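In what follows, a single structure is set out as C-alpha cells and then discussed.
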Amino acid sequence: MDLKQLDTFVHVAELGSFTRAASVLRVAQPALSRQVRALEIELSQPLFDRNGRGVTLTPAGARLLAHGRGILQQVERARQDLEEQRGAASGLVSIGLPPSISRTLTAPLVEAFRERFPRASLSMVEGLSTYALEWLAQGRVDCAVVYNAVPAAAIDLQPVLQESLHLVSARGGAARPGQRAAKPATLADVAACDLVIPTRPHAIRMQLETAMAEAGLKPRVALEVDSVPAMLDLVQRHALHAVLSLNAVQGGGNESALQARPVRLANGQPLKTTLYIATSAQRPRGPLLDQALALLAAQLTQLLATA
C-alpha cells in the first residue's frame, strides 16, 4: 500500500470532497482521483460513495480510515524520532483526555508544553476512556488519560492518583463544589436520586454500579448522556443528579448553581476512581514522548491536588 495514496485517501475522507482535498494538498484533482482509484483497485472494493455534494465513506472506507490515520501518524513518529537525535525534542505528541479532565487541564498543559518543548507540537483529543484506549491501540494518540483501566499486554499503565466521586445536585443552600465540608452522601442517598449518567462502559458508571450492587442497591437511571457539560446543565435545570469527580464540576462556569457531596461506601470510605496514563506497549517511545509523559503526570497531579 502506497503511503502517498493512503495520505490522499485520509484527506478526502476527512474533508468529504475531492475538490477540497485537492486544494489542501495542492494537487490537481484528476491526479488525486487516480490515486484513490488505484487504492480501491488494490483493495478490490470501493472506499467512497460519490454524489453531487461530495463523497461519503463506504463501510470499507470507514475501516481503512481508522487504520490509515494510525499508520500515517506512526510513520511521522518514526521520522520525528530520528530527527530528535539531532537536537532538542521536536515533533508531535497526541494525547487523549476524558471530558471531565480536558476542560480544566487543556490550557495549563498547553502552556507548560509550549514552554518546555518550543520545537514540538501538541494535539489533544477528547473522548471517554474506552474510546481513548481504542485510539491508543490504533496509533491515533501517543498516550491517554483514562479511568479505572483494566491491565492488558498491549498497554502500559501508570497510575497517577485517585479522585473521590461526588453526588452532584442543583444547589439548594448546601455548600458549593470545592467546599469539602459538604455533608457526605451514602450509596443509599445515590440510589434515591434520579441520575443522569454516562452510557456503559463508561469507567465511572461501571464503578458506581459495582459498588451499589455490592451494597444490594441499584442506580435509578433517568437519562444516559456522555457529555459532562450536558450532564451538569441537566442537573441544574431538571432536578436530576450526577455522580462525577469534583474536577468535572469545577471550571464549567456554573459551580455556584451546583452542590457536590462526596460519596461514601458502607464502611465510611470514600468512593474513588483511579486515574491512569496509558501508553502502547507495542510501539517504541521516543525522548519527546518520555518527557511529555512526565510533564503530563505533573500537570495532572498539580491540577487535581487543588480540586
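A cut-off under 12 angstrom between Cβ atoms defines the neighbours of ARG264, and their net charge, with Lys, Arg +1 and Asp, Glu -1, is +2.
Accessible surface for the chain, divided over its residues, is 50 Å² per residue with a 1.4 Å probe.
Positive contributions from Lys and Arg (+1) and negative ones from Asp and Glu (-1), summed over other residues with Cβ under 11 Å from the Cβ of LEU167, come out at +2. On the basis of the beta-carbon distance and an R0 of 45 Å, GLU14 and GLN162 show a calculated FRET efficiency of 0.75. Nearest 10 degrees, 0 to 90: what angle lies between the long axis of helix 3-15 and the longest principal axis of the chain (Cα atoms)? In the chain, helix 3-15 runs at an angle near 50 degrees to the longest axis. Using only the alpha-carbon atoms, how far is helix 287-305 inclined from the longest principal axis of the chain? Give it as 0 to 90 degrees, nearest 10. Compared with the principal axis, the helix lies near 20 degrees.
Within a straight-line Cα-Cα reach of under 23 Å, LYS4 cannot be paired with any lysines, leaving aside sequence neighbours fewer than 8 residues apart in one chain.
Computed over the Cα atoms of the chain, pair by distinct pair, the Kirkwood hydrodynamic radius stands at 21.7 angstrom. Scaling against 2.2 N^0.38 Å puts the C-alpha radius of gyration of segment 191-307 at 1.26. Extension gain, LEU122 to MET206, is 27.1 nm, computed as 0.36 nm per intervening residue step minus the present C-alpha separation. Within the same chain, aspartates and glutamates fewer than 8 places from LYS218 are excluded, and of the rest, those with a Cα less than 13 Å from its Cα are ASP189, ASP194, GLU209. Relative to the longest principal axis of the Cα atoms of the chain, the long axis of helix 99-116 lies at roughly 60 degrees.
When you work out D = kT/(6 pi eta Rh) for segment 46-157 at 37 °C and 0.692 mPa s, using the Kirkwood radius from C-alpha pairs as Rh and the Stokes-Einstein form, the result is 205 µm²/s. Since only TYR276, PRO46, LEU304 are under comparison, the one whose Cα sits farthest along the positive direction of the charge dipole of the chain, derived from C-beta charges on Lys, Arg, Asp and Glu, is LEU304. Positive contributions from Lys and Arg (+1) and negative ones from Asp and Glu (-1), summed over other residues with Cβ under 15 Å from the Cβ of THR8, come out at +1. Assuming charge only on the beta carbon of Lys and Arg (+1) and of Asp and Glu (-1), the dipole of the chain about its Cα centre is about 400 debye to the nearest 20. The rule of thumb for compact globular proteins, 2.2 N^0.38 Å, goes into the C-alpha radius of gyration of segment 21-84 1.33 times.
Prolate is the label for segment 117-240. Its Cα gyration tensor axes, ordered a ≥ b ≥ c, give a/c of at least 1.5 and a/b above b/c.
The values are calculated or read from the model by the stated rules, or taken from the named source; none is laboratory data. Just so it is clear, the model here is predicted, and its values are computed rather than measured. Ideal geometry is used to build each Cβ from the backbone, glycine not excepted, and the neighbour counts take in all protein chains shown. We work out accessible area using only protein heavy atoms, side chains counted, and drop any ligands, DNA or RNA first. Shrake-Rupley method; radii C 1.70, N 1.55, O 1.52, S 1.80 Å.
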